[in-house]
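Trainee: Structure below; questions to follow.
The values are calculated or read from the model by the stated rules, or taken from the named source; none is laboratory data. Note that the structure is a prediction, hence the values are computed from the model and not measured. Every residue, glycine as well, gets a Cβ built from its backbone with ideal geometry; the counts of neighbours run over all protein chains shown. The area values use the complete protein model at the heavy-atom level, side chains included, leaving out ligands, DNA and RNA. Shrake-Rupley method; radii C 1.70, N 1.55, O 1.52, S 1.80 Å.
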Amino acid sequence: MKRYFVANWKMYLSVAKSEQLIRQLIRYERGNKILRDIEIIVAPSMLALSSVSALVKQSRSKIKIAAQDCGIADAGAFTGGISSSELKKMGARYVIIGHAERRQFFNEDAMMLSKKISAAHKAGLGIIYCVGETQDERHAARAGEVVREQLRVVQGVTPALIAYEPRWAIGTGLAIEPHEAEHMHASIAREVRGVPICYGGSVNEKNIAAFINLENTRGVLVGSASTTFVGCSEMLGRMSKIIQAKAI
Ligand code: 13P
């Protein structure tokens, strides 16, 4: 069973730092047979995507590239827009859609997200669709309902991955309790059958094992802890140990 390690570099790294980190990851991936069952997906910033992707391609690495966003249409009068088919040509295999930061800081609503999903799908990009509730929604016992509503946006298109990222757990150092993640993942699995589910929100080398051990979790979507080579290699090392132990 394939597992996923998705590194979302957000806007943390310069283009030069992104190129440096991908070079290190390419070397690490090449020298580590234990990573065979893990699909490593790196989402560099939009400005670094082309050069990071070219480095992966030149080295024939198995690392996959994801865009952090795409536009609502593929071409035309959309100042600042991002064409999904051009992303694909640049080497992106996936695109992250519906990330909490896009919903919060860029006011992306269901209508806009469904246009992005349709543009990405038409271009042949795999969709990594993010869902997750706010702290208030969790306290009001509305987390399940909110996530179900967010999942309605991907009806009709099968995403490559669903990432459950409670908004209050992103960038706060407060990851959700693994059993609560499992509860949500099981309910997502009932809604969107057969799509791998990843957890995201303050994942690091200390807590990754607890998430990888969950029954309904196929991987992780990591933000800040994935922006250093030490962070990535420690998390990948721990992840592969668990996968190997499970395989025995
Ligand atoms: P952090 O790992 O920094 O909490 O970010 C999670 C995230 O948003 C990944 O998409």
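Trainee: For the pair Arg152 and Glu180, how long in nm is the line joining their label points, each one 7 Å along Cα→Cβ?
Mentor: 2.5
Trainee: Right, next: If you stretched the chain out fully between Glu234 and Lys115, how much longer would it get, using 0.36 nm times the residue separation minus the C-alpha to C-alpha distance?
Mentor: Between Glu234 and Lys115, full extension yields an extra 39.1 nm.
Trainee: Which percent of Cα pairs goes in each bin when the distances of segment 119-248 are cut into 5 angstrom slices starting at zero?
Mentor: So the P(r) values, bin by bin, are 2, 10, 21, 22, 20, 14, 9, 3, 0.
Trainee: Using a 1.4 angstrom probe on heavy atoms only, work out the carbon and sulfur share of the accessible area of segment 14-170 in %.
Mentor: 51
Trainee: Moving to a separate point now. If you rank His183, His121, His99 by how much accessible surface each has, with a 1.4 Å probe, what is the order from largest down?
Mentor: His183, His121, His99
Trainee: To one decimal place, what Kirkwood hydrodynamic radius in Å is obtained for segment 58-192 from all pairs of distinct Cα atoms?
Mentor: 15.7
Trainee: Could you pull out every residue, at least 5 positions away or on a different chain, whose amide H is within less than 5 Å of the one on Ile41? Hs are placed 1.01 Å off N in the peptide plane, and Pro or chain starts have none.
Mentor: Here Phe5, Val6, Ala7, Lys64 satisfy the definition.
Trainee: Using the Kirkwood radius over C-alpha pairs as Rh, can you work out the diffusion coefficient of segment 1-135 via Stokes-Einstein at 4 °C, viscosity 1.567 mPa s, in µm² per second?
Mentor: 84
Trainee: On to the next question. At q = 0.12, 0.14, 0.15 Å⁻¹, what is the base-10 log of I(q)/I(0) for the chain according to the Debye formula with one equal point scatterer per Cα and no solvent? Please give it to two decimals.
Mentor: Calculated log10 I(q)/I(0) at the listed q: -0.64, -0.89, -1.04.
Trainee: Given a cut-off of under 8 Å on Cα pairs at least six residues apart, what relative contact order in percent is computed for segment 1-68?
Mentor: Normalised by residue count, the contact order of segment 1-68 is 43 percent.
Trainee: Rg and Dmax of segment 17-56, using alpha carbons, in Å: what are they?
Mentor: 10.6, 31
Trainee: Stick to Cα atoms and the Kirkwood definition of Rh, then tell me Rg/Rh for segment 69-127.
Mentor: 0.94
Trainee: Also, I was wondering about something else. From the phi angles alone, apply the Karplus equation (6.51, -1.76, 1.60; θ = phi - 60°) to segment 132-141 and give each ³J(HN,Hα) in whole Hz, x where the residue is Gly or Pro.
Mentor: Result, rounded to whole Hz: x, 9, 7, 4, 4, 5, 5, 4, 7, 6.
Trainee: Over 20 Å apart: what share of the alpha carbon pairs of segment 135-196 falls there, rounded to a whole percent?
Mentor: In whole percent, the long-distance tail amounts to 26.
Trainee: Oh, and also: Between Lys17 and Glu86, what is the label-point separation in nm under the 7 Å Cα-to-beta-carbon projection?
Mentor: Computed distance between label sites Glu86 and Lys17 equals 2.6 nm.
Trainee: Ok, one more. Heavy-atom accessible area per residue, the chain, 1.4 Å probe: how many Å²?
Mentor: 49
Trainee: Taking Cα pairs under 8 Å and at least six residues apart, what relative contact order does the chain come out at, in percent?
Mentor: It rounds to 19 percent for the chain.
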